[in-house]
Every structure is written in C-alpha cells, then in structure tokens.
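Scroll down for the structure; my scribbles are underneath it.
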Amino acid sequence: MTPPNSANVRRATQADAAAVATCVRAAYRHYIPRIGKQPGPMLVDYADAVARYQVWLIPDGTDCAAALVLIAEPDHLMLDNIAVDPRHQGRGLGRALLALAETEAARQGYAELRLYTNAKMTENIAMYARLGWQETGRGAQDGYDRVFFRKRV
C-alpha cells in the first residue's frame with residue numbers, strides 16, 4: 001500500500017461518503033469527553049455533504065486518510081470541516097488540505113476563507129492562529145461554543 005500524500009488528493013464521490021464519515025469519526029472521537037458530546041462534524045450525513053458541497057479526500061487504499069469539506073457562500077468559502085484519521089496524523093495531510101482550501105478559494109474568486117472550531121479544541125485554536133487565521137469572534141451556535149476565524153487569500 002502506498003502511503004497517502006497530498007499529491008493524490010481528489011474530490012470525493014458518493015462511493016467515498018462512508019470512508020469520509022469513518023475518517024471524521026476517528027479524527028474527532030477523542031474530543032467527546034472534553035466537550036461532553038459528539039462534535040458537530042461527527043453528526044453530518046456525508047452522502048448528503050458529497051452531493052451538496054465540495055468534499056475532498058486523501059485516500060489510503062479504499063479508506064480515507066484525510067478529508068476536507070468546503071461550502072461556497074456568497075462572500076466567502078467556508079472551511080466546514082477538516083479531518084485527519086489519527087493513523088495518518090503527523091504527515092502534513094492537514095496542512096496540505098488547508099493549502100488546498102486556500103487554493104480553491106482563490107481559484108473560485110473568493111478573497112476570504114472562514115471556519116469555526118469548538119472553543120474546547122484549544123490546540124486547533126492555537127494552530128489556526130499560528131497559520132495566519134484571524135479570530136473574529138466567539139459565541140454559541142447549534143449548541144456548541146465556537147471560535148470563528150477568517151483568512152484572506
């Protein structure tokens with residue numbers, strides 16, 4: 001089996017939806033005790049997401065090593081979810097998908113990317129700040145305490 005890398009990133013198809021969901025569940029599972037419930041990305045119907053949004057993945061055979069969900073909004077591209085299966089963390093896959101999000105935003109004519117993360121995912125908050133994302137606010141949304149970010153592209 002070839003190790004996954006950013007060179008084989010591709011758009012997800014309906015045939016990938018279950019693998020994307022498995023990747024997301026694995027990536028977010030460890031946050032359940034910290035926030036007291038499943039993080040929002042674990043509740044998504046990925047067959048629906050693949051049909052409606054821009055879902056990208058880095059495959060590992062028939063599995064998904066990492067996934068990215070982008071949603072086109074009128075004035076920005078929303079980075080709705082980025083997940084790396086724990087078995088593949090530390091290989092730069094998350095950063096490769098973040099770079100892809102920036103490339104796609106610019107390619108699609110957007111000047112800005114936005115995202116949010118859970119306020120209890122402190123390592124994510126610190127990482128986004130290190131990578132040049134600007135915190136724009138905090139607040140409750142959909143039953144979660146969120147931290148909102150934007151990045152100009």
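The values are calculated or read from the model by the stated rules, or taken from the named source; none is laboratory data. Computed from a predicted model, the values in this text were never measured in an experiment. With ideal geometry, Cβ positions are generated from the backbone for all residues, glycine too; neighbour counts draw on all protein chains shown.
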Query raised in the report: Pairs under 7 Å by beta carbon, first residue surrounded by 16 or more Cβ atoms within 10 Å (Cβ to Cβ) and among the β-branched types (Val, Ile, Thr) in the stretch 139-153, partner modelled with pLDDT under 95 and part of a strand (DSSP E or B), six or more apart or different chains?
Result: none
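Looking at the stretch 127-137, is at least one residue assigned to a strand (DSSP E or B), touching a residue at least 12 places away in the same chain (Cβ under 8 Å) and of a type outside the set (Asp, Glu)? Quick ask: steps written out before the conclusion?
Of the residues in the stretch 127-137, the ones assigned to a strand (DSSP E or B) are 134-137.
Adding the requirement that they be touching a residue at least 12 places away in the same chain (Cβ under 8 Å) leaves 134-136.
After this cut, where a residue has to be of a type outside the set (Asp, Glu) as well, the list is 134, 136.
Yes, because at least one residue in the stretch 127-137 is assigned to a strand (DSSP E or B), touching a residue at least 12 places away in the same chain (Cβ under 8 Å) and of a type outside the set (Asp, Glu).
A quick yes/no check of all residues on (1) over 25 Å from Ile35 (Cβ atoms); (2) touching a residue at least 60 places away in the same chain (Cβ under 8 Å); (3) aromatic (Phe, Trp, Tyr); (4) surrounded by 15 or more Cβ atoms within 10 Å (Cβ to Cβ):
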{"site": "Asp48", "(1), (2), (3), (4)": "no, no, no, no"}
{"site": "Gln54", "(1), (2), (3), (4)": "yes, no, no, yes"}
{"site": "Leu97", "(1), (2), (3), (4)": "no, yes, no, yes"}
{"site": "Glu102", "(1), (2), (3), (4)": "yes, no, no, yes"}
{"site": "Leu113", "(1), (2), (3), (4)": "no, no, no, yes"}
{"site": "Asn124", "(1), (2), (3), (4)": "no, no, no, yes"}
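Let's see how each residue does on (1) within 16 Å of the chain's Cα centre (by Cα); (2) farther than 21 Å from Arg25 by Cα:
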{"site": "Cys64", "(1), (2)": "yes, no"}
{"site": "Gly94", "(1), (2)": "yes, no"}
{"site": "Arg130", "(1), (2)": "no, yes"}
{"site": "Gln141", "(1), (2)": "no, no"}
Requested in this report: Could you check the stretch 26-124 for strands (runs of 3 or more DSSP E) lying wholly inside it with 3 or more residues that are farther than 21 Å from Phe148 by Cβ?
Outcome: 54-60, 63-72
